[in-house]
Amino acid sequence: MVETDIRVNLADLELHSPLVLASGVWGCAAETLIRAAAAGAGAVTSKSCSVLPRRGHPNPAVLPWQGGLINAVGLANPGAAEERDILHRAQQSLRPLGVPLIASIYGGTPEEYARAAGLVAEAAPDIIEVNISCPNVQSEFGYPFALEASAAAEVTSAVRSAYRGRLFIKLSPNAPDIVAVAAAVVRAGADGLTAVNTMGPGMLIDTHARCPILSNKAGGISGTALRPIALRCVYDISQAVCVPIIGTGGIDSGEAALQMVMAGASAVGVGSALAGEGAAVFERINRELAILMRTEGITRLGEVRGCAHG
C-alpha cells in the first residue's frame, strides 16, 4: 500500500496538513485559533482586523442555506492593537504545536492597511493576509480594492512598505479579471495569495416576514456553492503567477481539498464547513484526503499540484 504524506510547504513554512483555518469563521479569540490547530489544521488565520475597533452588522448576520452560508458580519473586530495582543497569546500555544499563524487585516485606505499591518506585525505572525475583498461592506467602504488591479497593487505596496515579512493578498471572485489583479499584487510585493473570499453580495428572503433575512439585507456567499468558482479562480491564477496560493471556497471533504490542490493551490482554506461540524472537520478532511491519496497512488500532494492544467 502506498504511504501518504499530507505535509505541504507554504512560502517556506512546513505545514503538517494542507488545511488552513480561514479568516473570520470563529471570531477573534486566541482560544479558537488554538482549538483549530489542536484539531488538525496545518495553519490558522485570525479574523480580519482594522486599525480601529468595529462593531459590524447586527444579527441576523450569518445564515446557513442549502448551498453553504450567507453572511454579513460586517468585519466586526476589536481593533488592531487588541488583536495584536490576542495574536501574541495565540502564538505562545501555536509555536509548540508547529502551526503557523496568519494575521488578517483590512482597511478603508492603503494607509489604514499599512497601519494595521504595523500593529499586528508586533505579534510576529508567520504571514500577514491582506483582505482587500470583503463584499458585504461596500455601502460603507465603496467597492473592494480587489476588483481593480491598480487599486489592489496600491494597497499591497502600502503594506509592503510597513511590513517585510511574508505577505499574502486575499482576492475576490467578483473581480472582472482576477488574473490581472493577482499579477498586479505580486508585482507590488505579495509573496502569496489567498483565493478566494466570499462571492456576492447575495440575498435570501423570509417569505413569512416578506423581507430580506439578513439585517444588512445582503451578504457574502460561501460554502459548497462557491467551490466551482474558487477552483476556476485558483486554476487560472496559478497559470499566471508563480507564488503559493491558499485555495479557499467550499472545502468540506478530502476530495474537495484534493481538487483544489490539483487546480494549483499550495494549501487549502476551510471556513464554512466549520459551521455545521466544528473543529472535527479538520481531522475528518485530513483522514479522507489521506485515504483518497492512497487510493489514487499519490505519495505527496506536490506530485499532483496543478496537474489539472494538463
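The values are calculated or read from the model by the stated rules, or taken from the named source; none is laboratory data. Just so it is clear, the model here is predicted, and its values are computed rather than measured. Quick reminder, even Gly has a Cβ in these numbers, built from the backbone with ideal geometry, and neighbours come from all protein chains shown. To get the accessible areas, we keep the full protein, side chains included, count just its heavy atoms, and leave off ligands, DNA and RNA. Shrake-Rupley method; radii C 1.70, N 1.55, O 1.52, S 1.80 Å.
Observations
- In segment 175-203, the residue that is farthest from A43 (Cα to Cα) out of those that are open to solvent by 50 Å² or more (accessible area, probe 1.4 Å), in contact with a strand residue (DSSP E or B) (Cβ under 8 Å, 6 or more places away or on another chain) and modelled with pLDDT of 95 or more is M203.
- Qualifying positions in segment 77-107 - free of Cβ contacts under 8 Å to residues at least 40 places away in the same chain and over 21 Å from G40 (Cβ atoms): G79, A81, E82, R84, D85, H88
- When residues of segment 210-226 are limited to those that are open to solvent by less than 20 Å² (accessible area, probe 1.4 Å) and part of a loop (DSSP other than H, G, I, E, B), the one farthest from S272 (Cα to Cα): L214
- Of all residues in segment 287-305 being surrounded by fewer than 21 Cβ atoms within 10 Å (Cβ to Cβ) and touching a strand residue (DSSP E or B) at 6+ places or on another chain (Cβ under 8 Å), the one that is farthest from I102 (Cα to Cα): T299
- Residue in segment 5-28 that is over 22 Å from A279 (Cβ atoms), in a loop (DSSP other than H, G, I, E, B) and either of a type in the set (D, E) or open to solvent by 30 Å² or more (accessible area, probe 1.4 Å) (or both) present: yes
- Applying the condition of being among the hydrophobic types (A, V, I, L, M, F, W, C) and part of a loop (DSSP other than H, G, I, E, B) to segment 42-90 and asking which residue is most open to solvent (accessible area, probe 1.4 Å) yields L52.
- Residues within segment 111-122 that are touching a helix residue (DSSP H, G or I) at 6+ places or on another chain (Cβ under 6 Å) and crowded, with 19+ Cβ neighbours inside 10 Å, tallied: 6
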